[in-house]
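Chemist: This structure is in structure tokens; I'll ask about it shortly.
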Amino acid sequence: METKGKKKYRLTGWSMVAIAAALVLIFSYVPMIQAFILSLKTGKGAALHFAGFANYIRMFKDATFWTTMGNTLLYAVVQLPVMLLAALVIAVLLNDPKMKMRGVYRTCIFLPCVTSLVSYSILFKNLFAVDGIVNQVLLKLNIVDKAIPFVLDAGWAKAVIVIALIWRYTGYYMIFYLSALQNIDKSVYEAAKMDGCNFFQSFFKITVPLLKPIVFLTSIMALNTTLQLFDEVVNLTGGGPGNATRTISQYIYDLSFNYVPSYGYSAAISYVVLVLVIILTIVQKGITGSKDE
């Protein structure tokens with residue numbers, strides 16, 4: 001039987017989280033339920049009526065939906081492995097106590113993360129403009145004969161977006177890996193070194209396995225960020241040329257605010273993205289072998 005002291009302790013704990021839980025419920029879960037109900041309605045503007053799963057069926061015939069979804073997944077497939085691997089390697093290098101000025105390097109690599117999304121997008125747009133610095137350097141080095149229209153070409157525009165994402169977010173995930181590396185007992189590496197392990201063997205046999213939980217966490221965070229990609233594409237390319245670089249988040253925004261409002265359809269697409277995140281999370285968990293302790 002629960003004692004009076006334990007009961008009071010439990011009530012105190014619940015009282016501390018009650019307000020936060022209520023706010024999460026009101027501002028997160030209630031809107032999610034409302035959005036799902038909205039996804040079952042169709043119509044333009046405020047003239048909505050219940051239509052069942054008509055919006056979900058509509059997606060199968062919507063070429064723009066498949067194009068934007070394909071673009072978003074392409075960014076994820078190309079950018080995520082490169083960015084997370086770069087963040088991990090940099091973290092390992094900057095975790096070496098023998099390296100001088102580690103703090104300066106860490107700060108320089110992390111600084112892009114605190115840059116405004118709009119500001120750095122405009123910066124990259126100017127860098128890769130036809131008369132931008134990148135083209136000027138390529139022309140002076142005789143690497144190309146004429147300026148490359150990076151932002152105006154479908155393939156190059158996607159490459160610029162990926163480069164911009166890697167530049168901005170690598171330092172952010174580096175901090176997670178640095179924090180995890182500092183919790184690994186140094187005696188593990190010392191024992192491996194005594195057994196004749198070199199840097200690469202220690203990296204793949206010790207560092208990577210011990211960082212599996214944090215690798216799983218960062219991969220989910222990075223995937224979620226990429227599937228919601230909006231600011232970079234809007235400010236760099238506007239989704240063009242055509243729909244070549246347009247993302248699913250930009251399409252949802254356009255359906256809600258730029259076109260004749262189709263709130264039900266945009267809500268349905270949002271729920272498809274949610275389901276996709278859940279599926280990819282399960283797949284990633286299986287690949288990384290992460291298990292709850």
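The values are calculated or read from the model by the stated rules, or taken from the named source; none is laboratory data. Just so you know, these numbers come straight off a predicted model, no measurement behind them. A quick note on method: Cβ atoms are made from the backbone with ideal geometry, for glycine too, and the neighbour counts reach across all protein chains shown. With ligands, DNA and RNA removed, areas are computed over all heavy atoms of the protein, side chains included. Shrake-Rupley method; radii C 1.70, N 1.55, O 1.52, S 1.80 Å.
Chemist: What pairs come up if the first residue lies in the range 189-200 and is surrounded by 10 or more Cβ atoms within 10 Å (Cβ to Cβ), the second is among the polar types (S, T, N, Q), and their beta carbons are under 7 Å apart, counting only those six or more places apart or on different chains?
Modeler: These pairs meet every condition: Tyr189/Ser202; Ala192/Ser202.
Chemist: Could you please tell me which pairs satisfy a Cβ distance under 7 Å, a separation of 6+ or placement on different chains, a first residue in the range 17-41 that is assigned by the TED database to the domain that holds Ser266 and of a type in the set (Ser, Thr, Tyr), and a second residue that is open to solvent by 80 Å² or more (accessible area, probe 1.4 Å) and at pLDDT 90 or above?
Modeler: none
Chemist: Look at the range 27-81 and say how many of its residues are over 21 Å from the mean Cα position of the chain (by Cα) and of a type in the set (Val, Ile, Thr). First the steps, then the outcome.
Modeler: To start, the set of residues in the range 27-81 that are over 21 Å from the mean Cα position of the chain (by Cα) comprises 27, 29-31, 33-64.
Keeping just the survivors that are of a type in the set (Val, Ile, Thr) gives 30, 33, 37, 42, 57, 64.
Within the range 27-81, residues that are over 21 Å from the mean Cα position of the chain (by Cα) and of a type in the set (Val, Ile, Thr) number 6.
Chemist: So which helices (runs of 4 or more DSSP H) are wholly in the range 53-158 and hold at least 2 residues that are among the aliphatic types (A, V, I, L, M) and exposed (fewer than 14 other Cβ atoms within 10 Å of the Cβ)? Give the steps one after another, and end with the answer.
Modeler: On the way: elements: 54-59, 63-94, 102-110, 117-127, 133-140.
Ranges flagged: 63-94, 117-127, 133-140.
Chemist: Output the number of the condition that Phe110 fails; it satisfies all remaining conditions of (1) more than 29 Å from Val215 (Cα to Cα); (2) in contact (Cβ under 8 Å) with a residue 60 or more places away in the chain; (3) not β-branched (Val, Ile, Thr).
Modeler: Looking at each condition in turn, Phe110 falls short on (1).
Chemist: Within the range 160-181, is there a residue that is part of a loop (DSSP other than H, G, I, E, B) and either assigned by the TED database to the domain that holds Thr72 or free of Cβ contacts under 8 Å to residues at least 24 places away in the same chain (or both)? Before you say what the answer is, go through the steps one by one.
Modeler: Taking the range 160-181 and keeping what is part of a loop (DSSP other than H, G, I, E, B), we get none.
No.
Chemist: Among the residues of the range 205-224, count how many are open to solvent by 40 Å² or more (accessible area, probe 1.4 Å) and farther than 19 Å from Ile282 by Cβ.
Modeler: The number of residues fulfilling the criteria is 4.
Chemist: Being modelled with pLDDT under 90 and surrounded by 14 or more Cβ atoms within 10 Å (Cβ to Cβ) is true for just one of Lys8, Lys41, Lys4. Which residue is that?
Modeler: Among Lys8, Lys41, Lys4, only Lys41 is modelled with pLDDT under 90 and surrounded by 14 or more Cβ atoms within 10 Å (Cβ to Cβ).
Chemist: If we keep just the residues of the range 239-292 that are assigned to a loop (DSSP other than H, G, I, E, B) and open to solvent by less than 30 Å² (accessible area, probe 1.4 Å), which is nearest to Leu211 (Cα to Cα)?
Modeler: Among those that are assigned to a loop (DSSP other than H, G, I, E, B) and open to solvent by less than 30 Å² (accessible area, probe 1.4 Å), it is Ser290.
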